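Engineer: Below is the structure I would like to discuss, written out as C-alpha cells.
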Amino acid sequence: MIRDPLYQDIISGLNKTLDPELFEHCAVDLLRSDWPTIVPIRGGSDAGMDGAIADGQGTPFPFVCTTGEDVIGNLTKNLDSYKESGGRRRKVIVATNQKLSPQRIQNLGKRAEELGFTLIQTYAQDAIADLLYRNPGWCKELLDLTGNPPPLSVLPIITRPLIGESLIGRDDDLTWLRETAGDLLVVGQ
C-alpha cells in the first residue's frame, strides 16, 4: 500500500496535529474489529483509561490512546493514574498516530512491565493507517480525506476500501457483481 496515493495521504494526515478526543473515538471504533468489547471513556476523570476492554476475566482493562509525541510518557502517566484510582487489571493496549520504531514499541512494553502491566498490543501509525484505508467515513471525519481509492491502483481490488455507498434495487445485477470473479468495470447509471 505504500505506493498508493490514498495511503500516502492518510500517513500525511496522521503526521499533522489531530484532535485528541476525535482520534480516541476513531481508534476505539477502528479497533472494534480486533476488540469487539472496547468502549471509549471520555473526559478528564477517566482514571488513566481512554477506553476499556472487557475480556470476561474480571473488570475491563485499560486502553491508552495518544496523539502526543511522548507516547511512553503518556503510557506511564495513564497507567500510574489507573493504579492510583484502584484499577486492578494488569493488561493494556496502546494506540497512537505516531510512527514508532520497533525499538520504541519494545520500550513501551518494557515500561509497561516496569509498572506491572503486560502490553498486549501497540497500534502505531502504520496499523492505524491500514485501518483508516478501509474506512472512508473515518478518513473524512478525522483527516478530511474523501476516502475514495484512486481509480488506478497497484493494489488488488480486494484490498481497496469500499466507497461506502450501497446499491439499492437491481438485486439480480448486484448478485452478479458480487459473484463474478476478477475486476469489473460498471458503466452507466
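The values are calculated or read from the model by the stated rules, or taken from the named source; none is laboratory data. Quantities reported herein were computed from a predicted structural model and do not represent experimental measurements. Glycine gets a Cβ as well: all are built from the backbone with ideal geometry, and neighbour counts include every protein chain shown. Accessible surface is based on the protein model in full, side chains and every heavy atom, while ligands, DNA and RNA are left aside. Shrake-Rupley method; radii C 1.70, N 1.55, O 1.52, S 1.80 Å.
Engineer: Looking only at region 32-45, count how many residues are buried (at least 17 other Cβ atoms within 10 Å of the Cβ) and out of contact with any Gly (no Cβ under 8 Å at 6 or more places or on another chain).
Structural biologist: 1
Engineer: Sort out which residues of region 46-79 are open to solvent by 30 Å² or more (accessible area, probe 1.4 Å), under 21 Å from Thr17 (Cα atoms) and hydroxyl-bearing (Ser, Thr, Tyr), and write them in order of number.
Structural biologist: Thr67
Engineer: I'd like the full set of residues that are out of contact with any strand residue (DSSP E or B) (no Cβ under 6 Å at 6 or more places or on another chain), surrounded by 13 or more Cβ atoms within 10 Å (Cβ to Cβ) and either farther than 18 Å from Gln98 by Cα or of a type in the set (A, V, I, L, M) (or both), limited to region 1-28.
Structural biologist: Once the filter is applied, which keeps residues that are out of contact with any strand residue (DSSP E or B) (no Cβ under 6 Å at 6 or more places or on another chain), surrounded by 13 or more Cβ atoms within 10 Å (Cβ to Cβ) and either farther than 18 Å from Gln98 by Cα or of a type in the set (A, V, I, L, M) (or both), region 1-28 yields Met1, Asp4, Leu6, Ile10, Ile11, Leu14, Leu18, Leu22.
Engineer: Just to be sure I understand, how many residues within region 133-157 are at pLDDT below 60 and not in a loop (DSSP other than H, G, I, E, B)?
Structural biologist: Number satisfying all stated conditions: 1.
Residue by residue, here is whether (1) under 17 Å from Gln125 (Cα atoms); (2) in contact (Cβ under 8 Å) with a residue 60 or more places away in the chain holds:
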| residue | (1), (2) |
| --- | --- |
| Asp9 | yes, yes |
| Pro40 | no, no |
| Gly43 | no, no |
| Gly51 | no, no |
| Val64 | yes, no |
| Glu69 | yes, no |
| Thr76 | no, no |
| Tyr82 | no, no |
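Engineer: I've got another one for you. Give the residue, chosen from Arg111, Arg134, Arg89, Arg104, that is surrounded by fewer than 21 Cβ atoms within 10 Å (Cβ to Cβ), in contact (Cβ under 8 Å) with a residue 24 or more places away in the chain, touching a Phe, Trp or Tyr at 6+ places or on another chain (Cβ under 6 Å) and not hydroxyl-bearing (Ser, Thr, Tyr). I'd like the intermediate steps shown before the answer.
Structural biologist: Values: Arg111 fails: touching a Phe, Trp or Tyr at 6+ places or on another chain (Cβ under 6 Å); Arg134 fails: touching a Phe, Trp or Tyr at 6+ places or on another chain (Cβ under 6 Å); Arg104 fails: touching a Phe, Trp or Tyr at 6+ places or on another chain (Cβ under 6 Å).
Every option except Arg89 fails the conditions.
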